[in-house]
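Report on the structure given below.
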Amino acid sequence: MFPYQLDQVSREQFGVPGKFANSCCDGHIFKSKDGAVYFRNDKDRMYLLAKNADVYPIFYGHYPLSQTMKDLEDNLRFFGSYSEKLLALESAHRHENWKKRLYFVLKVQDSLEPKVFIWMPGGYQEIPSVYIGGASKAIIAADKLLLSDNCHYYTCVEMEPLLLAPEYNLYWGGGREVVKSYVNDGKLDRVPLGSFVRLTKTSVSNLLEVKEEDKFALYHLGKTLNLIAYAPFEDGFKIDEVTGNVVTYAAVMSCGVQEITRTYIYKDGQYKKV
């Protein structure tokens with residue numbers, strides 16, 4: 001049991017947590033029995049990080065691709081051309097972040113977005129992160145991918161490219177998740193696309209289907225990442241592998257079931273609704 005109490009200044013600012021239930025991470029992070037998370041500095045002073053939160057230490061390791069995602073990577077390996085400018089920006093971003101040692105993930109119970117902390121002189125500091133989610137509860141921070149398939153810790157691995165294209169790159173986001181990397185206002189940005197469903201190759205195009213939270217999306221993997229359409233259920237896209245044409249299906253309940261279809265054709269390098 002951790003014997004320290006808050007020093008007088010911290011007591012006035014944060015209140016007293018009582019007895020601490022356990023030590024997390026490296027012995028500087030503690031959780032009290034009331035569910036709050038505290039940082040203890042070298043002078044044994046306790047400072048509140050968050051109330052009603054959980055802490056997950058980060059370990060560096062290797063996390064292999066599943067066979068499904070490895071097959072997707074192999075199918076996209078020789079796709080088209082890539083952008084030297086985007087690769088240079090990603091390389092600069094990795095160089096800027098390579099010294100940052102990720103220590104723990106903090107999840108506040110009332111927030112959907114976890115926080116990632118690094119060690120800085122004098123204490124811990126939160127850094128920008130992108131929550132990917134999925135089965136691995138994945139997070140991107142400091143150009144690293146954090147994965148958790150258990151309830152105790154995160155594993156930190158290198159970002160794994162799936163596709164290099166002229167105006168965007170696709171990365172593995174843990175499990176079956178796919179992440180888009182692109183330049184936004186001169187800066188590198190990454191956003192989750194969804195969970196991989198299937199890749200369909202036609203005579204004129206490569207089509208990627210992913211599942212978002214409540215719908216399915218179909219993308220054309222061209223020079224740009226072209227969103228063709230959404231479908232409310234799986235198998236909502238009918239793809240002609242000869243012409244590349246796409247028909248989307250949906251159903252509306254109004255005094256019976258009414259089927260709605262929309263057709264998209266490939267023309268001048270992109271898909272257009274007809």
Take region 162-204 and flag every residue that is over 10 Å from the mean Cα position of the chain (by Cα), among the charged types (D, E, K, R) and over 18 Å from residue 86 (Cβ atoms).
176, 198, 201
Note down all Cβ pairs under 8 Å where the first residue falls in region 165-183 and is without any contact (Cβ under 8 Å) to a residue 40 or more places away in the chain, the second is outside any loop (DSSP other than H, G, I, E, B) and among the hydroxyl-bearing types (Ser, Thr, Tyr), and they're at least six residues apart or on different chains.
171/181; 178/171; 178/195
Residue tally, condition in contact (Cβ under 8 Å) with a residue 24 or more places away in the chain, part of a loop (DSSP other than H, G, I, E, B) and more than 11 Å from residue 209 (Cβ to Cβ), over region 219-240:
4
The number of residues in region 38-78 that are more than 30 Å from residue 111 (Cβ to Cβ), basic (Lys, Arg) and either surrounded by 16 or more Cβ atoms within 10 Å (Cβ to Cβ) or modelled with pLDDT of 90 or more (or both) is 1
I'd like to know if region 192-209 contains one or more residues that are surrounded by fewer than 17 Cβ atoms within 10 Å (Cβ to Cβ) and within 27 Å of residue 156 (Cβ to Cβ).
no
Looking for whichever is touching a strand residue (DSSP E or B) at 6+ places or on another chain (Cβ under 9 Å) and among the acidic types (Asp, Glu) here; the options are 268, 185, 240. Which one fits?
240
Would you check which residues across region 163-189 are open to solvent by 10 Å² or more (accessible area, probe 1.4 Å) and either of a type in the set (A, V, I, L, M) or within 14 Å of residue 91 (Cα to Cα) (or both) and list them?
164, 182, 183, 187, 188, 189
Top-ranked residue of region 118-135 - restricted to ones that are modelled with pLDDT of 90 or more and part of a strand (DSSP E or B), ranked as nearest to the chain's Cα centre (by Cα):
132
Name the pairs whose Cβ atoms lie under 9 Å apart, with the first residue in region 146-162 and under 16 Å from residue 97 (Cβ atoms) and open to solvent by 10 Å² or more (accessible area, probe 1.4 Å), the second among the polar types (S, T, N, Q) and in a strand (DSSP E or B), and 6 or more positions between them or separate chains?
159/181
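Name the residue that is surrounded by the most Cβ atoms within 10 Å (Cβ to Cβ), counting only residues in region 112-126 that are out of contact with any strand residue (DSSP E or B) (no Cβ under 9 Å at 6 or more places or on another chain) and free of Cβ contacts under 8 Å to residues at least 12 places away in the same chain.
Of the residues in region 112-126, the ones out of contact with any strand residue (DSSP E or B) (no Cβ under 9 Å at 6 or more places or on another chain) are 120-122.
From what's left, free of Cβ contacts under 8 Å to residues at least 12 places away in the same chain: 120-121.
On the way: 120: 10, 121: 5.
Filtering region 112-126 for residues that are out of contact with any strand residue (DSSP E or B) (no Cβ under 9 Å at 6 or more places or on another chain) and free of Cβ contacts under 8 Å to residues at least 12 places away in the same chain, the one surrounded by the most Cβ atoms within 10 Å (Cβ to Cβ) comes out as 120.
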Breaking point among (1) farther than 22 Å from residue 108 by Cβ; (2) touching a Ser or Thr at 6+ places or on another chain (Cβ under 6 Å); (3) of a type outside the set (Ser, Thr, Tyr), for residue 172
(2)
What pairs can you find where one residue is in region 201-213 and of a type in the set (Asp, Glu), the other is in a strand (DSSP E or B), and their Cβ atoms are less than 7 Å apart, with a gap of 6+ or different chains?
209/197; 209/198; 209/216; 209/218; 209/237; 212/194
Quick one: would you say residue 247 is assigned to a strand (DSSP E or B), farther than 30 Å from residue 89 by Cβ, of a type outside the set (Asp, Glu) and at pLDDT below 95?
no
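When you go through 211, 272 one by one, which is the residue that is modelled with pLDDT of 90 or more and closer than 28 Å to residue 177 by Cβ?
On the way: 272 fails: closer than 28 Å to residue 177 by Cβ.
The match here is 211.
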First in region 63-88 and in contact (Cβ under 8 Å) with a residue 12 or more places away in the chain, second anywhere and open to solvent by less than 60 Å² (accessible area, probe 1.4 Å) and part of a helix (DSSP H, G or I), Cβ under 7 Å, 6 or more apart
65/73
Could you look through region 250-262, keep only residues that are assigned to a strand (DSSP E or B) and exposed (fewer than 14 other Cβ atoms within 10 Å of the Cβ), and pick out the one that is modelled with the highest pLDDT?
261
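The values are calculated or read from the model by the stated rules, or taken from the named source; none is laboratory data. These numbers were taken from a predicted model, which means no experiment stands behind them. Note: ideal-geometry Cβ built from the backbone for every residue, glycine included; neighbour counts use all protein chains shown. Remember, those area values only see protein heavy atoms, side chains included, never the ligands or the DNA or RNA. Shrake-Rupley method; radii C 1.70, N 1.55, O 1.52, S 1.80 Å.
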